[in-house]
Amino acid sequence: MLIEGKWTANWQPVQATDAKGGFVRQISGFRNWVTPDGSAGPTGDAGFAAEAGRYHLYVALICPWASRTLIARKLKRLEDAISVSIVNPRLDEEGWVFGGYPGTNPDGINGARHLHEIYTRADPLYTGRATVPVLWDKQLGTIVNNESADIVRMLNSGFGDLASGPDLYPAALRAEIDALNADIYPRLNNGVYRAGFATTQIAYEEAFDDVFSMLEILEARLGKGGPFLLGNALTEADIRLFVTLVRFDAAYHGLFKCNLRRLVDYPALTGYLDAMLAVPGVAETVSIEHIKAGYYSIKTLNPNGIVPKGPDLPGLAPVSVTGQL
Ligand SMILES: N[C@@H](CCC(=O)N[C@@H](CS)C(=O)NCC(=O)O)C(=O)O
């Protein structure tokens, strides 16, 4: 991580642990918002007006939080307005690194070798982890925001006429979306990480139970109606759920020890995953190859770095994504 702008080499993918050995995720540090007229958003400063070509997304295809933003960019048809750089799936001793791995692209905006350089360019005294996603402002040369939940919302409504596609957070559904997010994030999105990075049996088992009880609830819900969580409307709650489900059998079932069942053992969730993958643009944001290479390179969990050959996921063949993004 960066400490007052200096890279500190003894980083660990395990971000922090609490007193019980539970996994604690860092709070995001840049919280400005792109808005149609450049006024301030719910947090942060004003001055980030929607403009085609002004903003750039730094992502990793292994990362579920970054993938949320890629999906929102696709669904809102902002591909021409917002450019993208994809880092290698494996961190090196200085964290996320650009270029060299198939399906990635170099940093054409700042010419950085490592993502942490982007953080110190925005704040020379930055202290914190250099995480993806990052929404970068090419005009002001700074980070707008590095919190995926915020970025998804600003892609949905901050880009005015530049965006089209479905409203991912419609006013009439907000209460239900917020309630789903409040359950799905701790129990499932972050729950799999809490299981995988737990350093005590009790912390692992609590997380494991959260993950599978949440999957049961979602299986029952989707069994009663779909195709999406809120019926026919595809919302940000679906983006948030999908990114975890699509990684489940390839990474979390094995590496994170979430092995009570596989996702394919849940018929309604499997149908839901297929429905999401069939939405134009969504499948292009998924690289099972990057996901496996990235997760199985986490040394604390898999010291020899061996990447499993399976599972067989016929709907998710490896694709070369960069050109399509
Ligand atoms: N709150 C952030 C979390 C992002 C996050 O944790 N990203 C991970 C990858 S999945 C990361 O970049 N980790 C690098 C590190 O911790 O050094 C968000 O949702 O945008």
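Work out the charge dipole of the range 99-168 with +1 on the Cβ of Lys and Arg and -1 on the Cβ of Asp and Glu about the Cα centre, then indicate which of Thr120, Leu168, Trp136 is farthest towards its positive end.
So the residue furthest toward the plus end is Thr120.
Out of the total accessible area of the range 96-167 (probe 1.4 Å, heavy atoms of protein only), what percent is carbon and sulfur?
51
I'm checking a number: the convex hull volume of the Cα atoms of the range 187-226, normalised per residue, in Å³. What is it?
Taking only Cα atoms, the range 187-226 has a hull volume of 44 Å³ per residue.
How high is the relative contact order of the chain, in percent, with contacts defined as C-alpha pairs under 8 Å that are six or more residues apart?
20 percent.
Using a basic spin-label model with each label point 7 Å from the Cα along Cα→Cβ, how many nm lie between Asn105 and Lys138?
Output for this residue pair reads 1.0 nm.
If R0 is 25 Å, what FRET efficiency do you get for Glu94 and Thr43 from their C-beta distance, rounded to 0.05?
0.30
Can you bin every Cα-Cα distance in the range 171-324 into 5 Å intervals starting at zero and give me the percent of pairs per bin, rounded to whole numbers?
2, 9, 18, 21, 21, 16, 9, 4, 1, 0
How high is the FRET efficiency from Ala268 to Arg121, r the C-beta distance, R0 51 Å, rounded to 0.05?
Using R0 = 51 Å, I get an efficiency of 0.65.
Taking the Cα centre of the range 114-166 as origin and charging only Cβ (+1 Lys, Arg; -1 Asp, Glu), how large is the dipole, in debye to the nearest 20?
Computed about the Cα centre, the dipole is about 80 debye.
For the range 171-324, what does the accessible surface come to per residue with a 1.4 Å probe? Please give it in Å².
43
Take each uninterrupted DSSP H stretch in the chain, measure its Cα extent along the helix axis, and return the ones at 24 Å or beyond whose mean Kyte-Doolittle hydropathy is at least 0.0.
201-224
What's the magnitude of the charge dipole for the chain around its Cα centre, counting Lys and Arg as +1 and Asp and Glu as -1 at the beta-carbon? Answer in Debye, nearest 20.
420
Using a Gaussian network model of the chain whose springs link C-alpha atoms within less than 10 Å, name the residue from Ala175, Ala283, Ala122 with the highest mean-square fluctuation.
Per the Cα network of the chain with a 10 Å cutoff, Ala175 tops the list.
Quick one: net charge of Leu229's neighbours, Cβ under 13 Å, K/R +1, D/E -1?
Around Leu229, the surrounding residues sum to -3.
What is the extension gain from Leu277 to Asn259, computed as 0.36 nm multiplied by their sequence separation minus the C-alpha to C-alpha distance, in nm to one decimal?
Full extension of this stretch gives 4.2 nm more.
How much length would be gained if the chain were fully extended between Ile3 and Thr17, taking 0.36 nm per residue of separation minus their Cα-Cα distance, in nm to one decimal?
Net length gain for the segment: 3.2 nm.
Which one of Asn232, Asn145, Asn156 has the biggest mean-square fluctuation once the chain is modelled by GNM with Cα springs under 10 Å?
Looking only at Asn232, Asn145, Asn156, the biggest GNM fluctuation is shown by Asn232.
Tabulate in residue order the Karplus-calculated ³J(HN,Hα) for the range 303-313, using 6.51 cos²θ - 1.76 cosθ + 1.60 with θ = phi - 60°, rounded to whole Hz; enter x for Gly and Pro.
x, 8, x, 6, 9, x, 6, x, x, 7, 10
Measuring from centroid to centroid over Cα atoms, what is the spacing of the range 240-271 and the range 37-110 in Å?
Between the Cα centres of the range 240-271 and the range 37-110 lies a distance of 25 Å.
Among DSSP beta bridges lying fully in the chain, give the percent that are antiparallel, nearest 5.
Rounded to the nearest five, the antiparallel share is 75 percent.
Given axes a ≥ b ≥ c from the Cα gyration tensor, I'd like to know whether the range 248-305 is rounded (a/c under 1.5), prolate (a/b larger than b/c) or oblate.
In terms of gyration-tensor shape, oblate.
How long are the three semi-axes of the equivalent ellipsoid for the chain, computed from the Cα gyration tensor as the root of 5 times each eigenvalue, in whole Å, largest first?
28, 25, 19
For the range 83-195, just the Cα atoms, rotate onto the principal axes and tell me the three extents in Å, largest first.
Taking max minus min along each principal axis of the Cα atoms, the range 83-195 gives 44, 41, 33 Å.
Which percent of the accessible area of the range 171-324 is formed by carbon and sulfur heavy atoms (probe 1.4 angstrom)?
Whole-percent figure for carbon plus sulfur exposure: 56.
Taking the chain as a Gaussian network, where each spring joins two C-alpha atoms under 10 Å apart, which residue of Ile109, Ile306, Ile239 fluctuates the most?
Ile306
Taking the Cα centre of the range 171-324 as origin, work out the dipole magnitude from +1 charges on Lys and Arg Cβ and -1 charges on Asp and Glu Cβ, in debye rounded to 20.
340
Helix-only estimate, please: 222 nm mean residue ellipticity of the chain, summing -39500 (n - 2.57) across DSSP H runs of length 4 or more and dividing by its residues, to the nearest 500.
That calculation yields -9500 deg cm²/dmol at 222 nm.
Provide the per-residue ³J(HN,Hα) series for the range 101-112, in order, calculated from phi with Karplus coefficients 6.51, -1.76, 1.60 and θ = phi - 60°, each as a whole number of Hz, with x at glycine and proline positions.
Once rounded to whole Hz, the list reads 9, x, x, 10, 9, x, 7, x, 8, 10, x, 6.
What FRET efficiency comes out for Val307 versus Ala172 if R0 is 41 angstrom and r is the Cβ-Cβ distance? Round to the nearest 0.05.
0.40
Quote to one decimal, in nm, the extra length available between Gln201 and Ala52 on full extension: 0.36 nm per residue of separation minus the C-alpha distance between them.
Gain on stretching Gln201 to Ala52: 48.7 nm.
Placing +1 on the Cβ of each Lys and Arg and -1 on the Cβ of each Asp and Glu in the range 175-218, which of Pro186, Ser213, Ala203 has its Cα farthest towards the positive end of the resulting dipole?
Ala203
The values are calculated or read from the model by the stated rules, or taken from the named source; none is laboratory data. Predicted, not measured: the structure shown is a model, and the values here were computed from it. Positions of Cβ are generated from backbone atoms using ideal geometry, with glycine treated the same way; all protein chains shown enter the neighbour counts. Accessible surface is based on the protein model in full, side chains and every heavy atom, while ligands, DNA and RNA are left aside. Shrake-Rupley method; radii C 1.70, N 1.55, O 1.52, S 1.80 Å.
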